Amino acid sequence: MLATDAALELIDLLKEKHGPLMFHQSGGCCDGSSPMCYPRDEFHVGNSDVLLGHIGDAPFYMSKDQYEYWKHTQLIIDVVDGRGGMFSLEGPEGKRFLTRSKVF
C-alpha cells in the first residue's frame, strides 16, 4: 500500500486538526467504496475488517469482502478535489481520498 505526496500532506493537515487518524474502506456503495478518514478512537473495526498497513502513521482497514476484490493489486491512496463521504474528515477541506490500484 502506498500514498501519494498529496495524500500524505492532507493526512498531516488532518492530524494537526483532529489528532491520530485511521482509514476504513468498506466496499459498500457510494461513500463506502472510497477510503474514509476518521479520528482513530471514533471508529471501531470489526472481525470482518482487514488491516492492510499504515499510511502517514494512520492504520488502513478494509472490509474482508472488499479485500477479496483488491488483494491482487497494489493500492495507492490519492487525493482529488471534491467532496468525499459526509463523515470523512477531509470533506471540509474540499478534497476527498481516492483508492487507485495496479494489478500485480
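Checked against (1) surrounded by fewer than 18 Cβ atoms within 10 Å (Cβ to Cβ); (2) touching a residue at least 12 places away in the same chain (Cβ under 8 Å), LEU89 meets all criteria but (1).
The combined condition, being closer than 16 Å to MET1 by Cβ, at pLDDT below 95, under 11 Å from the mean Cα position of the chain (by Cα) and surrounded by 13 or more Cβ atoms within 10 Å (Cβ to Cβ), is not fulfilled by MET22. Being touching a His at 6+ places or on another chain (Cβ under 7 Å), of a type outside the set (A, V, I, L, M, F, W, C), at pLDDT 90 or above and under 15 Å from ASP12 (Cα atoms) holds for only one residue in PRO59, PRO39, and it is PRO39.
Determine which single condition MET86 fails, assuming it passes every other condition in (1) touching a Lys or Arg at 6+ places or on another chain (Cβ under 6 Å); (2) assigned to a loop (DSSP other than H, G, I, E, B). MET86 satisfies all of (1) touching a Lys or Arg at 6+ places or on another chain (Cβ under 6 Å); (2) assigned to a loop (DSSP other than H, G, I, E, B) except (1). Scanning the stretch 79-100 for residues that are of a type in the set (Gly, Ala, Ser) and either modelled with pLDDT of 90 or more or farther than 22 Å from TYR67 by Cβ (or both) turns up GLY82, SER88, GLY91, GLY94.
The values are calculated or read from the model by the stated rules, or taken from the named source; none is laboratory data. From a predicted model like this one, the values you see are computed outputs, not experimental measurements. In this analysis, Cβ positions are derived from the backbone assuming ideal geometry, glycine residues included, and neighbour counts consider all displayed protein chains.
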